[in-house]
1. At 1.4 Å probe radius, can you tell me the per residue accessible area of the stretch 398-490 in Å²?
2. Which distance in Å, rounded to a whole number, links the C-alpha centroids of the stretch 77-153 and the stretch 381-442?
3. For the stretch 431-489, which whole percent of the accessible surface, found with a 1.4 angstrom probe, sits on carbon and sulfur atoms?
4. Hey, can you find the accessible area per residue of the stretch 11-296 for me, probe 1.4 Å, expressed in square angstrom?
5. Which aspartates and glutamates, on any chain, are close to Lys176 with Cα under 14 Å apart, when same-chain ones fewer than 8 places away are left out?
6. Is the shape of the stretch 431-489 rounded, prolate or oblate, going by the alpha carbon gyration tensor and its root eigenvalues a ≥ b ≥ c, with a/c under 1.5 for rounded and a/b larger than b/c for prolate?
7. Hand me the trypsin sites (Lys or Arg not before Pro) from the stretch 453-488 located in a DSSP loop with no more than 16 other Cβ atoms within 10 Å, in residue order please.
8. Looking at the stretch 341-419, which trypsin sites (Lys or Arg not before Pro) are DSSP coil and have at most 15 other C-beta atoms within 10 Å of their C-beta?
Amino acid sequence: MTTATATPTKFETVIGVEVHVQLKTDAKLFCNSSTHFGADANTHTCPICLGYPGTLPVLNEKARDLAVKLGLALNCTIAPVSKFDRKHYFYPDLPKGYQISQFDQPLCENGFMDLSNGRRIGITRAHLEEDAGKLNHVGAEGLAGSLYSLVDLNRAGTPLLEVVSEPDLRSAEEAKEYMANLRNIVRYLGVCDGNLEEGSMRCDANVSIRPVGSTTFGTRTETKNMNSLRAIERAINFEVARQTKVLNEGGTITQETRLWNDATGETLPMRGKEAANDYRYFPEADLPPLRIDGEWLASVKQSLPELPAQRYDRLLNTIGLPAFESNLLTETKELGDYYDACLAITQGQPNLHKPIANWLLTDINGWLNTEKKDITEIALTPEHLVELVALLEANTIGSSVGKKLLPELLTNGGSPKALVEAKGLGQINDESALEAMVDEVIAKNPDNVAAYKAGKTKLIGFFVGQIMKASQGKANPEVINNILAKKLAE
Ligand SMILES: [Zn+2]
């Protein structure tokens, strides 16, 4: 053990996360009650999820399928035989007095996820379990100070896959990236909507610190209630700073569950952590072992869609986009899908690949942010974005015209080519027409011409600007530049 010394000890951070992924099924894990959110309290219930004696749970095969897909995407071994267990605890949101989970024989084991810094994070296991209900405390924010509590069992029995990482994460940034990747993977697979804010993905972070070089673990705390990627990063950083201060002052860390408060930016103790054996796990006798057929498993593996890491690799190495753009186009599935639809249209025109990515990631993304919309809500089809970029690349229109037309195309759709023709916005590339414009601007600005000739060569920008203005952005700026440089040197 360490003792406080004059020089503060250098600590290493050790983090493991447990993530509850709510599987996107219509029905609950062991009954036919609906999983849809937002209904009146206790209307999505039945004798099974209300825990009536004598009722029998039946496994929802859709939930099993989604769990297997996610397990495979996380490089897990899928157990040919796994089983369900009862995890006992008493709380009013748990009608049976136990939760059906998987204890010693989980469905998925020994997976991993690679981070962008090259570190491989082990995934210990991923197991199926049912969610509990929800308590609504009346008269206060939480239980403390409330007058009474109402129980809503609509959520009881909702299928979850609990994904447990090894304590391999070494910083809040790594934990954030792990969660961002996991969220991306569940969205690519369509197994969960990945919404941290609404709780369809819930992350608990086990955080401890130990002196650098030590191989034994320090005492850990479990932090809950982080409802965004940013909150995960902030909460872990807070917890690391707090534990460091305690140890440097000669104190000891208490093993406990702590709640993150996003408003105050701190974690506070919730309750002492029950030891695992307090749950008195025992096999769920009402459910048969879960058997996975090898041939079926191979077909599921075959049918997995392209995952974020594979898309990134393809954009980087096959399409030849820079790493930064490849990453941005992978971050949301919908944006990547849109870009892929463009790629499918531009086969044989690889020169368009980069400009399309640039338009998507700069001008179109900027417009989406301003309008608070996402890529699925734009009227501009991939066909028409390709058409727009082709017009730009062929110098039929200039980029200022492209930027001017974009809001209209994004809002109303339609063919950029037709729009350019209708508005007479084609780029002026004709040298003699442009030369006339240059002559006019030179004649109108003798003072600036004199200043330019006296050495203020930066004034070239002024002349170009005047011509662009006069031509309503239609003059080809490159040609203008060349003519100007020649004429002003005379
Ligand atoms: Zn039910």
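1. Computed with neighbouring chains in place, this is 56 Å² per residue.
2. Between the Cα centres of the stretch 77-153 and the stretch 381-442 lies a distance of 56 Å.
3. Carbon and sulfur atoms account for 53 percent of the accessible area of the stretch 431-489.
4. Numbers: 13250 Å² over 286 residues.
That works out to 46 Å² per residue.
5. Straight-distance partners of Lys176: Glu18, Asp114, Asp168, Asp204, Glu233, Glu331.
6. Prolate, because a/c is 1.5 or more and a/b exceeds b/c.
7. Here the sparse-neighbourhood loop sites are Lys456.
8. Details: sites: Lys372, Lys373, Lys403, Lys404, Lys417; in loops: Lys372, Lys373.
Loop-located and lightly packed - Lys372, Lys373.
The values are calculated or read from the model by the stated rules, or taken from the named source; none is laboratory data. Note that the structure is predicted; figures quoted are calculated from it, not measured. Please note: Cβ atoms are built from the backbone with ideal geometry, for glycine as well, and neighbour counts cover all protein chains shown. The accessibility values were calculated without ligands, DNA or RNA, using every heavy atom of the protein model including side chains. Shrake-Rupley method; radii C 1.70, N 1.55, O 1.52, S 1.80 Å.
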